[in-house]
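Coordinate-derived values only; no laboratory data. Since the structure is predicted, the reported quantities are computational estimates derived from the model, not experimental observations. Using ideal geometry, Cβ is built from the backbone for each residue, glycine included, and neighbour counts are taken over all protein chains shown.
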Amino acid sequence: MRADRPESKEWWHDAVIYQVYLRSFADASDDGVGDLTGLRNRLPYLADLGVDALWLNPFYPSPGTDHGYDVADYCDVDRNLGSLTEFDRLLDEAHQRSLRLIVDLVPNHTSSSHPWFRTALESPDSPERAYYLFRPASPDGGPPNALRSVFGGPAWTLDPKSGEYYLHLFDVDQPDLDWRNPAVHARFEEILRFWLDRGVDGFRIDVAHGLYKSTQVADPGLSPDFRCWEQPEVLEVYRSWRKLAAEYGQRLLVGELFLGNYTLDRASRYVGGDGLHEAFNFLLTFAPLESWYRLIPESLSAFSAEGGTPAWVLSNHDVVRHPSRFGGGALGLRRARAASMTLLALPGSNYLYQGEELGLMQSTVSARARQDPIFKRTGGRAVGRDGCRTPIPWIPEPPGYGFTTAAPWLPFGAGAARLCVAAQDKDPSSTLSFYRGMLRLRREWLSAASDRISVIESQPPSFAFCRHRPDSGRIYCILNADTQPIATRIDRAGARLLLASADGVSIEANVVIMPPLTTAWLYTRS
Ligand code: NOJ
């Protein structure tokens, strides 16, 4: 099984990229919301953790309806989060610590407070009007059709001044851009250059399967659940962005393709060749561990065809934290550790979400404290994503746990004092120590290993593979996804255990005895 990579190695080919959900990371201005200075102060923590790069969720000026994914100015920093000067300082200090930094690009929609949209509303004859998808009302004066927004409620909202409706596939404050208008392309090229000129190392592209909408989007009688994205025209946009990014050297373009009924075939279409370098593999994110023996090889083939890089991810700011998805409690954490160790042994980029190194679970957030527009737009029928976005506890002292001295914008999750960074820092059995050790070993043993994995025959649902090292040694990774112990035969005797996600792994000659729900990394030289 091979990750077919181009000859030259780009920095992201084996990078561990840590996602910083800025609002909940560290608050230096003491207003209850995390900020750029807070992050800069914590760079030593991230360097020490052993990650290679950071991905920052949107920090641009924004009314915050969708917590930054409603951008009012693509080329500035929200006053509550910092300033451009502070951004430059952060980038500089991150680079000094050998941490790369990628930023979030939100090209599918703007905020309704963006000057383009304001002009569009004020002057129906302005060029900006054509940046968006305004459509005539239906004959009864209602919306063009019954299309629903991803966040619940209708996808069309009336512009009372003109009597037309505008499209918003997310919140009413997130009007969709019309990518069939070449002026929109020109505006975004300027935005890309603005950040590339400042020195960012790449972009995470929000709703990368969006941008272009089906030409049927305003057809009367359209089904409310009609999926109007995944239009092939968008690939041309990524080809041009890839060329643009390449002018600046090694700059990463990673796509967020959160496809309904996700398939590898559809997601990987965007990756490799002259398209995106990577797209998050959300198939694995939601698949039970028991299916990974099949899905990992399939994923490698799909995403590394044509020189793309696989991008593994278990958690982010939109999904339930994976220890909770895996059942919660001690068992959920056990599965989570095994899962992370397996992904981190694979060729490709690994994306970690802040707090997973602390073993944070999904938090329970009361209805009163909920912030997510999904909760609001569905009248509470969908709980939304706040439970994975609660702040990072740094020290055991309530009420601010070292995150803030003010009231935090979202409450802390349960067990903040026990799970905080300070409590785990010196404890060799903590999840934090496990992550630090795992990332150090990955750098030491796996970064120089082959991009090819050789799958070792084992009993599904367990999965075992090895990667070859330049010293003619081999690194084996064995995942026992079963709730029973297993014995896996590897092709060499005398393997040394580098790390295991749980106690109880033993090696007898060339047989590795694996406890349930455990991953082990082993090394042999002979
Ligand atoms: C995906 C982002 O990750 C999510 O947080 C956001 O709400 C939507 N795209 C809309 O921008």
Please get the size of the charge dipole for the chain, origin at its Cα centre, with Cβ charges of +1 on Lys and Arg and -1 on Asp and Glu, quoted in debye to the nearest 20. 1540
Once you have the Cα-Cα distance between R368 and L244, take 0.36 nm times their residue separation minus that, and quote the gain in nm to one decimal. 40.1 nm
Could you list the GluC sites (Glu not before Pro) in segment 222-328 that lie in coil according to DSSP, counting only those with at most 12 other Cβ atoms within 10 Å of their Cβ? E233, E247
Which chymotrypsin sites (Phe, Trp or Tyr not before Pro) does segment 240-309 hold that lie in a coil by DSSP with at most 11 other beta carbons within 10 Å? none
Estimated FRET transfer efficiency (A493, R227; beta-carbon r; R0 45 Å; 0.05): 0.25
Work out from phi, with θ = phi - 60° and the Karplus expression 6.51 cos²θ - 1.76 cosθ + 1.60, the ³J(HN,Hα) of each residue of segment 205-215, listed in order in whole Hz, and give x for Gly and Pro. 9, 6, 6, 5, 8, x, 6, 6, 10, 3, 5
List every DSSP H helix in the chain whose Cα atoms extend 24 Å or more along the helix's own long axis and whose mean Kyte-Doolittle hydropathy is at least -1.0. 182-198
Per-residue HN-Hα couplings for segment 144-152 [Karplus 6.51, -1.76, 1.60; θ = phi - 60°; Hz; x = Gly/Pro]: x, 7, 9, 3, 9, 7, 4, 8, x
Förster radius 25 Å - calculated FRET efficiency between D31 and R198 (Cβ-Cβ, nearest 0.05): 0.50
FRET efficiency (N181, R89; Cβ distance; R0 56 Å; to 0.05) is 0.95
In terms of modelled amide H atoms, which long-range or inter-chain residues lie less than 5 Å from the amide H of L352? I17, Y18, Q19
Calc'd 3J(HN,Hα), segment 397-412, phi into Karplus 6.51 cos²θ - 1.76 cosθ + 1.60 (θ = phi - 60°), Hz, glycine/Pro = x, comes to 8, x, x, x, 6, x, 7, 7, 9, 9, 6, x, 5, 10, x, 6
Residue separation between A509 and Q96 times 0.36 nm, minus their alpha-carbon distance, gives in nm 144.1 nm
Would you work out which of N316, N108, L235 lies farthest towards the positive end of the dipole of the chain? Charges go on Cβ: Lys and Arg +1, Asp and Glu -1. N316
Note on segment 429-493: alpha-carbon gyration tensor, axes a ≥ b ≥ c; rule is a/c under 1.5 for rounded, else prolate if a/b larger than b/c, else oblate; result oblate
Collect residues whose amide H, placed 1.01 Å from N in the peptide plane, falls under 5 Å from the amide H of L498; neighbours closer than 5 in sequence don't count. W521, L522, Y523
